[in-house]
Amino acid sequence: MRIAVVHKDRCHARKCGTECITYCPRVRTGDETVLLGEDGKAFISEELCVGCGICIKKCPFDAIDIVSLPEELEHPTHRYGKNGFALYGLPIPVEGKVTGILGANGIGKSTAIRVLSGQLRPNLGNFDAETAWEEILKQYAGTELFDYLQTVARKEMKVATKPQYIDYIPKMFTGTVGDLLRKTDERGKLGDLIPALRLNAIMDQQIGSLSGGELQRVAIAACLARSADFYFFDEITPFLDIYQRIAAAKLIRDLSVSHPVVIVEHDLAILDMLADTVHVGYGKPSVFGIITRPKGVRVGINQYLDGYLAEENVRFRETQVVFEKRAHEKGSSRLDLAAIPAMTKKYPAFHLTVSGGTIRSGEVLGVVGANGTGKSTFAKLLAGVEKPDTGSIETSLKVSYKPQYIKGDSTDTVEMFLRSITTRFDTSHYQHEIVESLTLQPILQSSLDTLSGGELQRVAIAACLSRDADLYVLDEPSAHLDVEQRVKVTRLIKHFAEGKEAGILVIDHDIYVIDMISERILVFEGEPGTRGIAAGPFDMRTGMNRFLKVLDVTFRRDQTGRPRINKPESFLDREQKAGGEYYYYTADEA
């Protein structure tokens with residue numbers, strides 16, 4: 001079976017010579033295999049296409065994908081029209097359990113949830129007319145999903161959803177945090193949710209004035225407060241620190257005792273802690289996606305990182321994600337690049353103290369700590385965006401800064417934006433190192449104001465690394481990125497630091513990212529929102545032990561080298577705490 005997908009947002013027939021039509025062998029023989037539709041976009045006949053791949057290579061905008069699939073995938077669960085995305089398979093919600101979905105962005109996770117929540121009726125690939133529920137149920141007869149979909153067909157399913165993009169919430173609701181939460185409190189649980197998510201201090205604030213982390217916690221609380229038959233959480237971790245992530249995970253675990261919960265999450269440490277089973281989504285983003293049957297959470301995550309699904313006998317990625325046991329033990333012998341001066345910064349309600357230290361040449365320095373302890377303020381001080389009250393930044397040090405919150409409010413294309421920053425855009429080195437590593441080629445002709453959160457994040461990282469600087473400061477580069485993109489960004493940043501002999505400072509709350517990317521670590525302590533103290537830099541073991549002890553969480557490695565959170569009060573958890581080793585259990589890294 002062959003499917004052809006034309007990415008409408010990338011197809012720009014007015015800017016090209018319609019190479020897809022000109023070079024198609026079947027068109028040259030007189031067949032209408034490729035045409036321009038009424039919307040001015042290319043249309044490919046899957047029946048006439050022979051899959052030669054010439055149009056894919058000739059399209060200057062990478063707008064065409066043609067994929068041959070096994071015959072058993074002849075009937076998709078849902079397809080978005082002719083030359084549109086196709087989804088195969090669905091996750092299975094289970095009463096009393098948290099079901100995780102793990103996969104790249106654009107692989108069909110949100111489509112699957114729309115089907116499960118009753119917002120989208122699966123068409124089984126018949127997009128010319130609405131598919132009757134009788135036909136859909138017949139397709140799923142005898143499967144674990146039959147009873148569930150029958151409830152959806154009868155419109156008896158009430159769903160509570162925490163959306164992925166929380167920045168839309170202020171556009172949909174005006175009023176205070178208290179107004180919103182009281183409106184959604186159908187279970188009478190606000191008394192427990194508000195202190196657990198630390199929302200007491202912002203109950204009287206306007207929704208439109210909240211930070212990203214505050215808005216995320218409000219969105220989680222609003223979803224948890226609703227009375228529903230099925231709960232869905234689409235990325236709970238962006239903008240939350242590790243403390244807040246674990247608090248949210250515990251609340252969702254408590255909810256799952258009596259309700260089926262499905263969660264999409266790219267922070268593997270939190271997904272590992274939270275989920276009971278995992279469905280892996282694989283395929284080609286924006287072309288087709290396949291949702292596997294449920295796997296144990298440890299097995300599912302490890303197979304995903306390995307790129308090979310044993311039960312399906314499918315290798316969907318050529319490279320493995322490997323967690324190294326490198327500088328954690330021995331430290332680094334790099335030369336000092338610049339000094340972090342001892343400095344202070346005071347605001348009316350907040351005071352930051354930095355003890356000072358050094359940044360080394362070719363080093364990636366990780367930064368961890370709770371939200372509200374001054375990490376972003378520290379980044380702004382280094383970048384010159386803010387001025388310290390005492391101490392001074394080295395004026396000869398050139399700094400490139402990627403802020404935490406990114407705005408895509410320009411109509412410039414991605415290519416125009418990057419060209420305005422660097423003269424190296426057309427060089428093969430830049431194309432390979434930046435454009436290919438961040439998978440920017442497909443969106444180069446897209447306007448900045450049309451990009452998704454993940455796309456905008458990758459462009460912002462590219463912009464930061466495109467500038468000529470001695471020190472690069474990236475504030476939460478993993479936000480909105482899927483696991484595959486996080487791994488690519490991690491490799492890019494490490495390779496960039498060593499190749500350029502620059503210093504790179506990365507602030508992030510994803511423990512996996514910090515583990516893979518950092519040689520040393522800065523730990524921010526203090527009282528969130530009131531005072532912050534920057535301690536370090538430390539070697540990884542010392543710094544993470546100091547950080548996790550306050551969090552009261554222990555980590556171990558499994559046989560693959562992957563960090564895993566120990567279950568609270570488990571044998572390993574108690575044993576590591578007794579020995580003061582919060583970061584990695586070293587008995588064969590079991």
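Points to keep in mind about this one:
- Looking only at region 1-21, and only at residues there that are over 11 Å from CYS59 (Cβ atoms) and outside any loop (DSSP other than H, G, I, E, B), the one that is modelled with the lowest pLDDT: ARG2
- Subset tally (residues that are open to solvent by 10 Å² or more (accessible area, probe 1.4 Å) and either out of contact with any helix residue (DSSP H, G or I) (no Cβ under 9 Å at 6 or more places or on another chain) or not in a helix (DSSP H, G or I) (or both)) for region 548-579: 17
- Top-ranked residue in region 281-333 [being open to solvent by less than 30 Å² (accessible area, probe 1.4 Å) and among the β-branched types (Val, Ile, Thr); ranked as modelled with the lowest pLDDT]: VAL321
- In region 360-385, the residues that are of a type outside the set (A, V, I, L, M, F, W, C) and open to solvent by 50 Å² or more (accessible area, probe 1.4 Å): LYS380
- Unique residue being basic (Lys, Arg), in contact (Cβ under 8 Å) with a residue 12 or more places away in the chain and open to solvent by 30 Å² or more (accessible area, probe 1.4 Å) when the list is LYS171, LYS109, LYS97: LYS97
- Qualifying residue in region 221-233 (condition: open to solvent by less than 20 Å² (accessible area, probe 1.4 Å), of a type in the set (Asp, Glu), under 28 Å from ILE92 (Cβ atoms) and modelled with pLDDT of 85 or more): no
- Selected residue (criterion: farthest from LYS158 (Cα to Cα)) from residues of region 181-196 that are over 28 Å from the mean Cα position of the chain (by Cα) and loosely packed, with under 12 Cβ neighbours inside 10 Å: GLY191
- Condition check for ALA342: farther than 30 Å from ILE107 by Cα, at pLDDT 85 or above and either β-branched (Val, Ile, Thr) or open to solvent by 30 Å² or more (accessible area, probe 1.4 Å) (or both): yes
- Any chance GLN164 is within 28 Å of the chain's Cα centre (by Cα) and either surrounded by fewer than 19 Cβ atoms within 10 Å (Cβ to Cβ) or assigned to a loop (DSSP other than H, G, I, E, B) (or both): yes
- Selection within region 361-387 - part of a helix (DSSP H, G or I), without any contact (Cβ under 8 Å) to a residue 60 or more places away in the chain and not hydrophobic (A, V, I, L, M, F, W, C): LYS380
- Test for SER258: is it among the polar types (S, T, N, Q) and within 26 Å of ASP276 (Cβ to Cβ): yes
- Scanning region 403-436 for residues that are of a type in the set (Lys, Arg) and either touching a Pro at 6+ places or on another chain (Cβ under 9 Å) or surrounded by 14 or more Cβ atoms within 10 Å (Cβ to Cβ) (or both) gives ARG419, ARG424.
The values are calculated or read from the model by the stated rules, or taken from the named source; none is laboratory data. Remember, it's a predicted structure, so these values are computed and weren't measured experimentally. Every residue, glycine among them, receives a Cβ derived from its backbone with ideal geometry; neighbour counts consider all protein chains shown. For the accessible areas, the whole protein counts, side chains as well, though only heavy atoms, and no ligand, DNA or RNA atoms are used. Shrake-Rupley method; radii C 1.70, N 1.55, O 1.52, S 1.80 Å.
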